[in-house]
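Comments concern the structure below.
Please treat every number below as a calculation from the coordinates, not as lab data. Just so you know, these numbers come straight off a predicted model, no measurement behind them. When we count neighbours, we look across all protein chains shown, and the Cβ atoms used for this are built from the backbone with ideal geometry, even at glycine.
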Amino acid sequence: MLSFDQILLARERIKNNICHTPCAYSVTLSSLLGADIYIKFENMQFTAAFKERGALHKLLLLQEQEANVKGVIAMSAGNHAKGVAYHANRLGIPATIVMPTFTPIVKVTDTEALGATVVLHGETLSEASDRAYELAKQEQLIFIHPYDDFDVIAGQGTTALEFLEDCPDLDTLIIPIGGGGLISGMSLAAKNIRPDIEVIGVQAAAYPAVRQLRKGDPVQVGGATIAEGIAVKYPGQNTLDIIDKYVDDIVLVSEQSLERAVSLYINIEKTVAEGAGAASLAAIVEHPERFAGKKVGVVLSGANLDAKVLAYILLRDLVHTGRLVRLQITLTDRPGSLSKVTALVGEEGGNIIDVDHQRVFSRAAVRETILAMSVEVRESSHGERICKALNDAGFDAVIVAH
């Protein structure tokens, strides 16, 4: 079992090459969600995620233990790959990263740009992992596990040392769980510093493996999620043992809460979080009563989010919060009808984003046309007022999405 002293030693080893990331109180989020929220900005590490801590600690120990490290190999589709690649290259250690073939090209090129050799293999993380172990044996490389390694866990645990140094009187720490490396290291460190502190894990609802195992249920996971960084089918055994000892509870969050948390970070804190990186905040979004009135520490654990996905999330959040509505308007197909509609929407203060003017693929009468119009509004009631104004003017208008 990992000891607290090993985490303290890990901090000494990595402190000169890892950012002591800031911890800040969020006035607006605290007011909005009903808890005193303190954010640990791990997205400010060089590779934008906490994974650097464990990767660097493992690499430094390898250099201490072996005079000549021929090379290292890891399996990852994201942040662990970048952490290993960056610090291995900086330390002069050849690194190979095996990534599944579905890995987004931007993550592949980013990892290569950090100095690693990328091998694409398999359709799943499991297949990529098997290939990494094969190559490690064939080429005498040292495998660096993304989470189920005590040296890696010790590095991740340094996050809690910093957090409680900067915010010593937190009531609760909320930490995302994928394979369990971050929460096992942080919970062990936190409970040794503050035995009374509450440690809450958070998992995506589609991937609740650790919660299921703790309850003795069969593991049933799968499906699409924006929190791919914690979409792990089977956590590590080492991490499970630590989680069982130090983590008080595990909560689940929906995709809508994850999207909302990403949007809140952008709009309120002006910072980027990937889905997994926003999971801690998503727990408060989904379970506000669970944390009401408490001084809560959340870890913004990563920011490597595809720009297209981020754009979709922000637009969807406008819909969910009633600031973007979709109107369907039936009108007579004659010159000037469209201009009258757009003028009326403008007079009512709506901002038209796009218009789909459909004559052929429609069940309307031949001399009628259907408009599908996306309109930016101030709030949902504003959209309803615009819809009423259109109907009062003689148009047949309904809100089909908001």
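By per-residue mean of other Cβ atoms within 10 Å, what is the highest-first order of 187-195, 11-19, 34-42?
Going by the mean number of other Cβ atoms within 10 Å, highest first, we get 34-42, 187-195, 11-19.
Could you name the lysines whose alpha carbon sits less than 24 Å from that of Lys15, not counting residues in the same chain fewer than 8 places away?
Cross-link targets: Lys40, Lys51, Lys58, Lys82, Lys191.
Can you tell me the alpha carbon radius of gyration of the range 85-216 divided by the globular rule-of-thumb value 2.2 N^0.38 Å?
1.24
Under 25 Å from the Cα of Lys388, which lysines turn up, not counting those fewer than eight places away in the same chain?
Straight-line reach from Lys388, under 25 Å: Lys340.
Could you name the aspartates and glutamates in cross-link range of Lys270, using Cα to Cα under 16 Å and dropping any fewer than eight places away on the same chain?
Straight-distance partners of Lys270: Glu42, Glu259, Asp317.
With a ≥ b ≥ c the root eigenvalues of the C-alpha gyration tensor of the range 1-42, is it rounded (a/c under 1.5), prolate (a/b larger than b/c) or oblate?
oblate
In percent, what relative contact order does the chain have, based on Cα pairs under 8 Å that are 6 or more apart in sequence? Don't jump to the answer; show the numbers that get you there.
Working: 821 pairs, mean separation 60.8, N = 402.
Across the chain, relative contact order equals 15 percent.
Any idea what the relative contact order of the range 131-203 is, in percent, if you count C-alpha pairs under 8 Å spaced at least 6 apart?
Reported relative contact order: 33 percent.
Which of the peptides 54-61, 304-311, 93-100 is most tightly packed, and how do the rest follow, going by the mean number of other Cβ atoms within 10 Å of each residue?
Order by mean packing, descending: 54-61, 93-100, 304-311.
Ignoring solvent entirely, what values of log10 I(q)/I(0) come out of the Debye formula for the chain at 0.10 Å⁻¹ when each Cα is a single scatterer?
Values, matching the q order: -0.70.
Only bridges whose two residues both fall in the chain count here: according to DSSP, what percent of them are antiparallel, nearest 5?
Percent antiparallel among DSSP bridges in the chain is about 45.
If you split all Cα-Cα distances of the range 71-140 into 5 Å bins from zero, what percentages do you get per bin, shortest first?
So the P(r) values, bin by bin, are 4, 21, 31, 25, 15, 4, 0.
Over all distinct Cα pairs, what is the inverse of the mean 1/r for the range 323-401, reported as the Kirkwood hydrodynamic radius in Å?
12.4
Name all residues of the range 110-132 having a backbone nitrogen under 17 Å from the label point set 7 Å from the Cα of Asn17 along its Cα→Cβ direction, giving them as ranges.
Residues passing the 17 Å test: 114-117.
Which net charge results for the neighbourhood of Ala49, defined as the other residues with beta-carbon distances under 14 angstrom from its beta-carbon, given Lys and Arg at +1 and Asp and Glu at -1? Could you put the intermediate results ahead of the total?
Details: positive: Lys40, Lys51, Arg53, Lys82, Lys107; negative: Glu42, Glu52, Asp110, Glu228, Glu274.
Once all neighbours under 14 Å are counted, the net charge is 0.
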